[in-house]
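Have a look at the structure below, then the notes.
The values are calculated or read from the model by the stated rules, or taken from the named source; none is laboratory data. On a predicted model such as this, the values are computed, not experimentally measured, just so you know. Here the Cβ positions follow ideal geometry from the backbone for every residue, glycine too, while neighbour counts run over all protein chains shown.
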Amino acid sequence: MNSEIRRRFSDGQNKEILKAPEVMSPKLVVNNPTKFLSLDNLQGFCKHYKVEVSEIEIVVAKNYLKNTKQKSDISLFDLYTLLPSSMFPKLKKILQIARTIPVSSASSERSFSVLKRLKTYLGIP
């Protein structure tokens, strides 16, 4: 997922968007836990998708995750399910956006195109 995101957002203008999904997953920032949900790294992403996340919401989310006693190797997808929408509406919104970025890649569309030909070749309707 990360390599696909890097490839798609390699130009200078979109580097700010690229930083966000990486810092949203504790699994990816194990070497530097202070980067996890860092508002500095989320600013460009939030600005691009027009979502205003407050620093207070991020601090509360970090404390909430510490109190839930979850492992530090949770993924971006697990993080989305752990945080309640009623407490963290803006943060959940950017997590949802970050989760859908890899799905919209052309490589996944090509896979489905090949699948159709493969099913025809095997005689599966």
> In region 77-96, is there at least one residue being modelled with pLDDT of 85 or more, acidic (D, E) and in a helix (DSSP H, G or I)?
Replying inline: no
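Per-residue answers, yes or no, for (1) touching a His at 6+ places or on another chain (Cβ under 6 Å); (2) loosely packed, with under 15 Cβ neighbours inside 10 Å; (3) modelled with pLDDT under 75:
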position	(1), (2), (3)
Q13	no, yes, yes
V23	no, no, no
P33	no, yes, yes
D40	no, yes, no
D73	no, yes, yes
> Pairs under 7 Å by beta carbon, first residue closer than 12 Å to P26 by Cβ in region 60-74, partner at pLDDT below 80 and surrounded by fewer than 14 Cβ atoms within 10 Å (Cβ to Cβ), six or more apart or different chains?
Replying inline: S72/V30
